[in-house]
Amino acid sequence: MDEIIHIDAFAGIGGFSLAVDAVWPGSKHIFVEIDPFCKAVLRKHYPNTPIYDDARQFNGKPFRGIELLTGSPPCQSVSVAGKRKGTADARWLWEDAIRILGEVQPRWAIFENVYGLISQDGGLAFDKVLTGMEAQGYEVWPTVLPACAVNAPHRRDRVWIVANRKSEGRQSS
């Protein structure tokens, strides 16, 4: 396989990029992250990689057709530990995640979030996320995996959404 170009949106400290590097060494990353501490960590580990500041302002069109887009939009608006304001919370950035997906049109996309996303607004917020991705031309496969499934010492359920551009089919590389 040729060099993988990967956009890590809502990158945090680059967990998705570490996984991409483990599977495809030498991959090229592009980060989208607003938090200063997270950006400092990214710069330390990926000093020559571009970091775009704000997902709400990010234009994905110049990167159209890359192999992989990943993202973990902020979870505070749906976390059971918070006030669960959902789509009414300024930190609800799933519309931007879906917009970026549509602009970039990667072959594959993987998104991760807290379990509270599923039940937010009686499930309507989660349905909006999935149908938004489908409207961008993707088949989506949501699943819930607990952290203990990968040997973490706690359960901590996480929602994962894997999406494949319909025009690409499900062929392997």
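Of all residue pairs spaced 6 or more apart or on separate chains, those with beta-carbon atoms under 7 Å, a first member in region 131-148 that is on the phi > 0 side of the Ramachandran plot and at pLDDT 95 or above and a second member that is open to solvent by less than 60 Å² (accessible area, probe 1.4 Å) and not in a helix (DSSP H, G or I) are Gly137/Arg165. Just so you know, in region 89-139 the residues that are open to solvent by 20 Å² or more (accessible area, probe 1.4 Å) and of a type in the set (Ser, Thr, Tyr) include one that is farthest from the chain's Cα centre (by Cα), and it is Ser119. Within region 129-153, how many residues turn out to be more than 14 Å from Tyr115 (Cα to Cα), outside any helix (DSSP H, G or I), in contact with a helix residue (DSSP H, G or I) (Cβ under 8 Å, 6 or more places away or on another chain) and not acidic (Asp, Glu)? Of the residues in that region, 4 qualify. Contact map, region 23-38: first residue touching a residue at least 60 places away in the same chain (Cβ under 8 Å), second residue open to solvent by 60 Å² or more (accessible area, probe 1.4 Å) and of a type outside the set (A, V, I, L, M), Cβ cut-off under 7 Å, separation 6 or more or different chains; pairs are Val32/Tyr52. When each of Lys44, Lys39 is tested for being in a helix (DSSP H, G or I), open to solvent by 50 Å² or more (accessible area, probe 1.4 Å) and more than 21 Å from Arg158 (Cα to Cα), the lone residue that passes is Lys44. No other residue among Gly102, Gly65, Gly71 is within 26 Å of Asp21 (Cα to Cα) and either charged (D, E, K, R) or in contact with a strand residue (DSSP E or B) (Cβ under 7 Å, 6 or more places away or on another chain) (or both) apart from Gly71. Number of residues in region 77-88 that are in contact with a Ser or Thr (Cβ under 9 Å, 6 or more places away or on another chain), open to solvent by 70 Å² or more (accessible area, probe 1.4 Å) and among the small types (Gly, Ala, Ser) equals 1.
Being part of a helix (DSSP H, G or I), under 18 Å from Asp157 (Cα atoms) and either among the aromatic types (Phe, Trp, Tyr) or out of contact with any strand residue (DSSP E or B) (no Cβ under 7 Å at 6 or more places or on another chain) (or both) is the requirement here; does Phe111 meet it? Judged against the criteria, Phe111 is not a match. Would you check if there is a residue in region 149-162 being modelled with pLDDT of 95 or more and either more than 14 Å from the chain's Cα centre (by Cα) or surrounded by fewer than 17 Cβ atoms within 10 Å (Cβ to Cβ) (or both)? Yes: one or more hits.
Within region 59-76, being over 14 Å from the mean Cα position of the chain (by Cα), surrounded by 13 or more Cβ atoms within 10 Å (Cβ to Cβ), assigned to a loop (DSSP other than H, G, I, E, B) and touching a residue at least 40 places away in the same chain (Cβ under 8 Å) holds for one residue alone: Ile66.
The values are calculated or read from the model by the stated rules, or taken from the named source; none is laboratory data. Since we're looking at a predicted model, the values are computed, not measured. For neighbour counting, all protein chains shown are included, and Cβ atoms are generated from backbone atoms with ideal geometry for every residue, glycine included. What goes into the accessible areas is simple: the full protein's heavy atoms, side chains included, and nothing from ligands, DNA or RNA. Shrake-Rupley method; radii C 1.70, N 1.55, O 1.52, S 1.80 Å.
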